[in-house]
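Comments concern the structure below.
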Amino acid sequence: MARVPQVIVIDPDRESSAEIQKTLTMLGFSVAGAAGYGVEAFTLAFQLRPDVMLMRIEEPLVRPVQTLSRINDGLPDLPIVVFSTEANIRLMRQSMVSGASDYLQEPLNPEELEASIIKVLERKEREGMRRRGELDDPIPQGTIITVFGAKGGIGKTTISSNLAVALAGEAHQSVALVDMDTRFGDVAITMDIPVERSIADLARNLDNVDRQSLKEYLVEHESGVHILPAPTRPSDWRNLTARHVRDVVDVLAQTHDFVILDTPGTFNEIVAAAIEVGTMILLVTTLDMASIKDTVLALEMLHERFGNDEERIKVVLNRAGVDTGVREKDVERTLDSPLWWRIPQDNEVVKAAQLGRPIVMSRPNTKVSLEIREMARALAGVRQAKQKGKKAGGGGGPLTNLLRPLFRKSA
Ligand SMILES: Nc1ncnc2c1ncn2[C@@H]1O[C@H](COP(=O)(O)OP(=O)(O)OP(=O)(O)O)[C@@H](O)[C@H]1O
Ligand SMILES: [Mg+2]
């Protein structure tokens, strides 16, 4: 957007309004005006027709909600971001049904405020483009989960394959599992499937592939998961580029709820592409010092690329409970990031892998399986079997943290 977005601030508290206006100016927005509730707010919004309205909402709700819904009725295209000292569901719900596009909790964090305003503006822009027929029809897009780790042998394939099975079985999602291990592609062995065609074949023929013929490249596992194996000869990766990865994943994401990408313990162009396309990156680590040191570097790299996006980047601790002398608390402190999920150490995992049957199928009630099944349910947004404080939602942003009690209540 070439023009500086014009924002108005509706806040009856003059002092706080002045503070917010200062923050908006510092962030590069233009403050077109400010007012309290009621007629004053209504007149300002109609006279100035700003790009965004920022509005305080507090108990008692009568006046703010009346102001909000009147302005929304009169200017339905005006994006409204509300903020409040309160974080209760009733308030949030009232704001949403009265026309707010986003809800922020005070004290306002400038980064969060900026992101919220940009997001509502982008949404408005897209709506306009769609109305004017400038956008293609939306294409369905599944969630792409890239399972990544800075080291070999830490459980990436174990987590990818078991999570895929759990998402299919537990959460009833359609799932594609792609083996992007450019060295030893272990998914086929772990899942005991034959490899006739691989990602390399699909990438080569992508121009001629439609929904129907796509199935010929995927192996349907007994769990229902569609597997796209790695080539049996690592040299077949040589002709594959980041572009191929993007195109293959794109096609799979149009036809599956979830696409899981298993990556190797090295870094190369293919892995970089797998990370780039991930809607979510599960960064796997274990409790030993080498793994943690490498995870710090991997996390730095991911933060440089995507910012400190806790919704997108989630750290998963595998082999939790192993006594290495390193405590989980220390890992979180060293990484400066919460451990989103913990999967315990269990020798049954090794046995299951050797038998070519993921542990969530062969031993569904072991602690490892229960954790992975629970993770799958959380990822799919399905009601969780048991409540977990920090573990299930350690990485949630303020909005998700607010929404969580709502989900629990309806559970
Ligand atoms: N939670 C666990 N408890 C016990 N053993 C585990 C656990 N997770 C993984 N393993 C075992 O550790 C070994 C390595 O696991 P896996 O192959 O999943 O790692 P990886 O990160 O994919 O390795 P690579 O980088 O070589 O692809 C396997 O033998 C696997 O069965
Ligand atoms: Mg592996």
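The values are calculated or read from the model by the stated rules, or taken from the named source; none is laboratory data. A quick note: this is a predicted structure, and the numbers were derived from the prediction, not measured. Quick reminder, even Gly has a Cβ in these numbers, built from the backbone with ideal geometry, and neighbours come from all protein chains shown.
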Query raised in the report: Inside region 233-277, can you point out the residues that are surrounded by fewer than 21 Cβ atoms within 10 Å (Cβ to Cβ) and within 15 Å of ligand 2 (Cβ to nearest atom)?
Result: P234, G265, T266, F267, N268
Report summary line: Of T241, T263, the only residue that is in the same structural domain as S198 (by TED's automatic domain parsing) and within 16 Å of ligand 1 (Cβ to nearest atom) is T263
Requested in this report: Return the only residue of L302, L317, L335 being under 23 Å from the mean Cα position of the chain (by Cα) and either closer than 19 Å to E371 by Cβ or within 16 Å of ligand 2 (Cβ to nearest atom) (or both).
Outcome: L317
Query raised in the report: From the list S223, S235, which one is closer than 28 Å to H172 by Cα and assigned by TED's automatic domain parsing to the domain that holds D186?
Result: S223
Report task. Scan the helices (runs of 4 or more DSSP H) fully inside region 107-192 and keep the ones with 3 or more residues being outside the structural domain of E86 (by TED's automatic domain parsing) and within 16 Å of ligand 1 (Cβ to nearest atom). Result -> 156-169, 187-191
Query raised in the report: Can you tell me which residue in region 311-325 is farthest from A378 (Cα to Cα), limited to those that are within 16 Å of ligand 1 (Cβ to nearest atom) and hydrophobic (A, V, I, L, M, F, W, C)?
Result: V322
Query - Options A176, A230, A203: the member that is closer than 21 Å to L282 by Cα, of a type in the set (A, V, I, L, M) and away from ligand 2 (no atom under 16 Å from the Cβ) - result: A176
Report task. Please specify each residue of region 151-185 satisfying the condition of being at pLDDT 90 or above and among the small types (G, A, S). Result -> G152, G153, G155, S160, S161, A164, A166, A168, G169, S174, A176
Requested in this report: Being out of contact with any helix residue (DSSP H, G or I) (no Cβ under 9 Å at 6 or more places or on another chain) and free of Cβ contacts under 8 Å to residues at least 12 places away in the same chain narrows it down to one of R123, R132, so name that one.
Outcome: R132
Query raised in the report: G128 passes all but one of (1) surrounded by 15 or more Cβ atoms within 10 Å (Cβ to Cβ); (2) at pLDDT below 95; which number fails?
Result: (1)
